[in-house]
Amino acid sequence: MPNFNIDSIEDRTFDAIVIGSGMSGGWAAKELCDKGLKTLVLERGRDVKHNQDYPTTHKMPWEFEHLNQIPEDIQKANPVISRCYAFREDAKHFFVLDTEHPYVQEKPFDWIRGYQTGGKSLMWARHTQRWSNLDFEGPDRDGFAVDWPIRYEDIAPWYDYIEKFVGISGNMDGLEELPDGVFLPPMEMSCVENHFSDVVAQKYNKQRHVIIARCAHITGNYEYYAKQGRAMCQSRNLCQRGCPFGGYFSSNSSTIPWALKTGNLTLKNHAIVHSIIYDEQKQMATGVVVIDAQTKESIEYYAPVIFVNAAAFNTNLILLNSKSNRFPNGLGNDNGLLGKYVAFHHYRARISGEYEGFMDKYSWGRRPTSSYIPRFRNLYKQETDFLRGYAAGFGASRAIEMDTDGFGAELKENLLNPKYGLWRVGSHCMGETIPKESNYVALDENKVDEWGIPQLKISIDYDDNDEKMIKDYHEQLTEMFEAAGFTNIKTYDSHQAPGLDIHEMGGVRMGKDPKTSLVDKWNRLHACQNVYVTDGACMTSTSTQNPSLTYMAFAARAVDHAVKNSKA
Amino acid sequence: MHRRALLKNIGIVSAGILFFPGCDAPPEEQKKMVAKIQDKLQVKEEEQALVKSLVSTLIPNGEIPGAAELDVDRYVWLMVDDCLPKDTQKRYMNGLENFGAYIEEKHLAPFYDLGPAQQLSCLSDTMNQEEPASVVIIPSSLANTRGPVNRPFWEPEPLAPGNYLGEMKFFLNMTKNFTTRGFLYSEYVMTKLMPYQLVPGKYNGCDTIDPSKKINIHA
């Protein structure tokens, strides 16, 4: 008697499986489908179709009844996600609630997640920078982690490839520490940002730079992006809602629809990957065990190639949970390092100031990016009392002030007739952290989630290097601010827990030696070479760059390798 | 009774009986609003009337509609109900009660029955009284700022116990805070006076100020 609920093994066998439909998973899917492989993408959350499933994207500000504030009972029940800058009334439906997906904080760590088609590519800040050899050489030169098995030359063509399709706006700045790319026209810097840039270039003899940020927004070449069904960025700065124009890059607007068009993509939602199946005789992975998020039923899917793109820590979790006789400590984990040497970007330090110049000028509009200060510390040699360094965002806008002192007609008049104040300037620090064995993620021994999968235990802390770097950031930016004539300079250290950078990485690090790393130069698990890891989990060091661009490049490059390798 | 004690503390000579006006039947909309808020916060009709008239006093009607005409009191109650932590909510409601009682005591009529000029002077009188003031930060920029902590935009400092004047000022300042925000972000202001463009199309980083033009905070 046929059971129509259970597909045959044949129906559940594909040419490739991709775990996760986010930033890097979407790219793996697109590349695999473009190359003709029948690809199954397993997404643990619900579907979010471009445009159709952006419920708030057309709302005016007053249509949010709390004017974008999150109600107190939600904040109280979900303190972790409530600390995320983008968790507001207009985008909260794309973020994971603490109550829905608990995890174990051995030390305080704010783990920010998005479980739906597109993952965090829906809500990301769209900042993109290339790595250079000054970054790849970091661990080897400075004696931490392990040597990257690749250099810039290996990934440069893939940066080209990704940037073209994604649509990256930026200026050709000619900096060795931040390679130029395939750029659409840059966004505009404000007068005071330009002023700051000039002062900094002059004072530091062109050794430090303030540039317009490179960002994943379409600012030109309209006809090319129209083929993806995407249009030019309209400067709404409401990206976290999902963009009806497809003006910024997300899986939802770009790679997933493209993959669907090939006819080779099967996207399954509510599909939580429990573990990867390892066949001891074939000595390779053969598929995945999936738990239906809604029915809790277990089902298996099979493929000769598996891409794990579940997001850095979720990828660690899946591999740790993929136990077999061959791999009792998790898939590929012969050396016991799986889950270890995780790291992040420290985001505690800020600085603000004012400027009494350009008083006849003002800035207006909602630019969806900012200016950017590439790392300038320890670039060519070790120079400070801390290793590595920090990049920083920078922005300057004309303040508007209103006198709110009075009541009645006077107050009303003042509110409707504000005046221009000074220019306000601000910067926040994005610091490289050193991966170490004592920072790790692991399966919790006791707690399981709703689907019987062990909860992730996170044990990550700041170290002395971070503290020294934060001190240096405050000192250096103060000096730079003073040189530019900024006043009322204030420095801040939020002392927040790690995690709100949303750049957690590592645990399945790349390396040349299987004794000290988990994946090879092609992102394959050393010990199970038909499994590829191309999301944040593969990162050997963090450098200072916003990492998504690099994850996408790894994914495309690894798919290319996987497909060529299988034909060999 | 609690109210008599607190009035003594403010230093008002208690002149007579507290006078409660008869409750008129509220209009249908008010009934509905009270019903909604009574999901969590128990709001009496005269408390609702007080806040509505306070909101109207703060930003009165004129050629341009005032805050009450734009239903900003609804936003005030929604924020008090949904977004204030319990302790802050308690302080707000205490302050509301204290203020209501204080005005009734002083003027022998509830706040919402006084004339506009008198209502205004009630506000400034209360706000100008000396005491260790509670701190309510009225943000100079009403824009949401990116930051690691998604706190509400105030952090009241602790009040000494029995500081009823402090609670009243807190209530007045908080209401003013929400009223100004609700007014500036109302549909009327954001379409007719300071238009907000959902699709601006561009950003300008260095435009020359035209002094003859009004500033649009939503541009």
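The values are calculated or read from the model by the stated rules, or taken from the named source; none is laboratory data. Note that the coordinates shown come from a computational prediction; the quantities given were computed from them, not determined experimentally. Neighbour counts run over all protein chains shown; Cβ positions are idealised from the backbone, glycine included. What goes into the accessible areas is simple: the full protein's heavy atoms, side chains included, and nothing from ligands, DNA or RNA. Shrake-Rupley method; radii C 1.70, N 1.55, O 1.52, S 1.80 Å.
Structural remarks
- Taking other residues whose beta carbon is less than 9 angstrom from the beta carbon of A:Gly20, and scoring Lys, Arg as +1 and Asp, Glu as -1, yields -1.
- Taking each of A:Lys261/A:Lys564; A:Lys282/A:Lys515; A:Lys206/A:Lys490; A:Lys164/A:Lys490 in turn, the alpha-carbon distance tops 29 angstrom for A:Lys164/A:Lys490.
- Cys residues of chain A counted as unpaired, since no other Cys beta-carbon is under 4.7 Å: A:Cys33, A:Cys84, A:Cys215, A:Cys233, A:Cys239, A:Cys243, A:Cys429, A:Cys528, A:Cys538
- The value of relative contact order for the range A:1-88, using C-alpha pairs under 8 Å at least six residues apart, is 20 percent.
- Normalised per residue, the accessible area of the range A:191-236 is 43 Å², obtained with a 1.4 Å probe and no contribution from ligands, DNA or RNA.
- On a per residue basis, the convex hull of the C-alpha atoms belonging to the protein assembly as shown measures out at 188 Å³.
- Here r is the Cβ-Cβ distance between A:Thr99 and B:Gln42 and R0 is 35 Å; the resulting FRET efficiency, rounded to 0.05, is 0.85.
- Anchor B:Lys90: aspartates and glutamates whose Cα lies under 17 Å away (excluding residues fewer than 8 positions away in-chain): A:Glu72, A:Asp73, B:Asp39, B:Glu47, B:Asp81, B:Asp82, B:Glu155, B:Glu157, B:Glu167
- Ellipticity at 222 nm from helices only: DSSP H runs of n ≥ 4 in the protein assembly as shown, each -39500 (n - 2.57), divided by the residue count, give -9000 deg cm²/dmol.
- Note on chain A: with neighbouring protein chains present and a 1.4 Å probe, carbon and sulfur make up 49 percent of its accessible heavy-atom surface.
- Bridgeable lysines around A:Lys412 (alpha carbons under 24 Å apart, same-chain partners fewer than 8 residues away excluded): B:Lys52, B:Lys169, B:Lys176, B:Lys192, B:Lys213, B:Lys214.
- Estimated buried accessible area (total), pair B and A, 1.4 Å, Å² to nearest 100: 5700
- Counting only DSSP beta bridges whose two residues both lie in the protein assembly as shown, roughly 75 percent are antiparallel.
- Think of a 1.4 Å ball rolled over the protein heavy atoms: the range A:40-90 then has 39 Å² of accessible area per residue.
- Members of the range A:308-353 that become less accessible by 40 Å² or more once partner protein chains are added (1.4 angstrom probe, chain alone as reference): A:Arg350
- Accessible area per residue in Å² at 1.4 Å probe, computed on the range A:435-568: 34
- Under-5 Å amide H pairs with A:His345, H placed in peptide plane, nonlocal only: A:His503
- Tensor-based shape of the range A:3-79 (alpha-carbon gyration tensor, a/c under 1.5 rounded, otherwise prolate or oblate): prolate
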